[in-house]
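Derivation of every value follows stated rules applied to the coordinates shown; laboratory data play no part. Everything quoted here is computed from the prediction, not taken from an experiment. Cβ sites come from the backbone with ideal geometry, for glycine too, and all protein chains shown count toward neighbours.
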Amino acid sequence: SVTNVHRIACIPGDGIGVDITDAAIHVLNTLSATIGGFEFAFTTFDWSSKNYLERGWYMPPDGLEQLKKFDAIYFGAVGWPNVPDHISLWSLILPIRKALNQYVNVRPTRILQGTKSPLSESVCKPSDLDWMIIRENSEGEYSGQGGTSHEDSPYTVATEVSIFTRVGIERIMRFAFETARSRPRKKLTMVTKSNAQRHGMVLWDKVFYEVAKEYEDVEIDKMLVDAMTVRMVLQPKSLDTIVATNLHADILSDLAAALSGSIGIAPSSNLDPTRANPSMFEPIHGSAPDIAGKGIANPVGAFWSAAEMVRWVGEEKAADGLMKAVENVTARGVKTRDLGGSEDTKGVTEAVCREIEDLF
Ligand code: NAI
Ligand code: MG
């Protein structure tokens, strides 16, 4: 029989990025060995802050070209206290997202079985929080335009220019509407701040209403980002699919993760929907220096991200199976400390592997 080989570039990066990438590879190998018919060929790249300090680079000059040869990229986390965060981010993850045209960042949030929201049951039953946040991932507030003059003087001037293009807005809106349409509630909330920011955000609103005309079956509404934080906390059930700019969705998705129990469970997919370039999958959390090296990082966000990658490369059944295994494990109370459990990374990883073997 033919075995489908999916070539995966792995960039563990820094801190707990390394632990959770190891855990994800272990689980993915268990998945392919148990189900059969496909396998993953992993190539690991040692692009990290530690190596940057020794070598002077995160990615080699042909790094992006190397990545383009893979079917998908699995990313841990980048950033360490001895390198300024804007250097690490702008040397690795942001160039990858931009150069590989990963203009969508998909961030699902829900409360997994056996876990709890910090919200009280009167506000949020477990089934009340099931969101799909669609983050614009290529422009907006993270365009990288701007500069600094008169540096290190009392007269320093710094600008950080947000860029919004019609092309960029239209394509993220179409993706968001398609996502909303594919979900049972067919409901899309658009987040903006077009009262105070009167140019780029106004264009964002305008294009949203234009694209909405092509999707009359999708129920829409609009929120200002400040009020959105209140609605997420007090009326979680009123939301389903959410579309927001690069910065707003970055912030809202951390809030969403916290409301669903822990930042440690939240996944993300950086997608090039045209499939001309590989897409990249990573938990939304960072390198967590405060717990790095202790073996206690929650690997669930890494597994969920891995499941999204498995789905993207076309192994639907395996993706569903992996998520089922993860949720059966949390349901039994096998959880790390951030979720109120007492297991470590390895304990949860082994439990998920055994669960996969039981399921298939
Ligand atoms: P962080 O997400 O690394 O940590 C925030 C808090 O959540 C910490 O208390 C941490 O222990 C906890 N936490 C995070 N992931 C966890 C997990 N899997 N299990 C249990 N607890 C977990 O965010 P922080 O501290 O703001 O950033 C640390 C470094 O990571 C910085 O250098 C930052 O720039 C970088 N970073 C990188 C990202 C990426 O690679 N995509 C995303 C966010 C931050
Ligand atoms: Mg973030």
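Distances between placed amide hydrogens fall under 5 Å for residue 4 paired with 38, 39, all partners being 5 or more residues away or on another chain.
Chymotrypsin sites (Phe, Trp or Tyr not before Pro) within segment 130-220: which are DSSP loop residues with at most 15 other Cβ atoms inside 10 Å? Here the chymotrypsin sites (Phe, Trp or Tyr not before Pro) that fit, given the DSSP loop and packing criteria, are 155.
Checking every one of the trypsin sites (Lys or Arg not before Pro) in segment 17-114 against DSSP loop status and a limit of 14 other Cβ atoms within 10 Å picks out 69.
The GluC sites (Glu not before Pro) found in segment 145-212 that occupy coil by DSSP, while having at most 14 further C-beta atoms within 10 Å, are 151. Length gained on full extension, residue 198 to residue 121: 23.9 nm, using 0.36 nm per residue less the C-alpha separation. Measuring r between the beta carbons of residue 55 and residue 234 and using R0 = 41 Å, the FRET efficiency lands at 0.25.
With the simple spin-label model, which puts each label point 7 Å out from Cα in the Cβ direction, the residue 212 to residue 87 separation comes to 4.6 nm.
Could you tell me the calculated FRET efficiency between residue 221 and residue 331, based on Cβ-Cβ distance and R0 = 30 angstrom, to the nearest 0.05? Result of the calculation: an efficiency of 0.35. Taking R0 as 45 Å, what's the FRET efficiency between residue 3 and residue 155 from their Cβ-Cβ distance, rounded to 0.05? Efficiency, rounded to the nearest 0.05: 0.10.
Short-range pairs are left out: with C-alpha atoms under 8 Å and at least six residues apart, the relative contact order of the chain is 23 percent. For a test of the definition: using alpha carbon positions, the gyration tensor, and the 1.5 limit on a/c, classify the chain as rounded, prolate or oblate. Taking the square roots of the gyration eigenvalues as a ≥ b ≥ c, the chain is rounded. For the options 202, 326, 300, a Gaussian network treatment of the chain with springs between C-alpha atoms closer than 10 Å singles out 202 as fluctuating the most. Comparing 87, 284, 263 in a Gaussian network model of the chain where C-alpha atoms under 10 Å apart are linked, the largest mean-square fluctuation is found at 87.
Seen from residue 12, the other residues with C-beta closer than 13 Å to its C-beta sum to a net charge of -4, counting Lys and Arg as +1 and Asp and Glu as -1. Computed from backbone phi, the HN-Hα couplings of segment 319-336 come to 5, 4, x, 4, 5, 4, 4, 4, 6, 5, 6, 5, 4, 7, x, 7, 9, 7 Hz, rounded to whole numbers (Karplus: 6.51 cos²θ - 1.76 cosθ + 1.60, θ = phi - 60°; Gly and Pro given as x). With a/c under 1.5 counting as rounded, go ahead and sort segment 117-260 into rounded, prolate or oblate using the C-alpha gyration tensor (a ≥ b ≥ c being the square roots of the eigenvalues; past the cut-off, prolate if a/b is larger than b/c, else oblate). Since a/c reaches 1.5 but b/c is at least a/b, the shape of segment 117-260 is classed as oblate. When each of 93, 356 is scored by the number of other beta-carbon atoms lying within 10 Å, the sequence from fewest to most is 93, 356. Largest GNM mean-square fluctuation among 298, 270, 51, using the chain with Cα springs under 10 Å: 51.
Quick one: go through segment 321-358 and flag any residue whose amide nitrogen is under 20 Å from the point 7 Å out along the Cα-to-Cβ line of residue 294. Flagged as within label range: 334-350.
Residues whose amide H comes within less than 5 Å of that of residue 190, counting only those at least five positions distant or on another chain, are 221, 222, 223, 243 (H built at 1.01 Å from N in the peptide plane).
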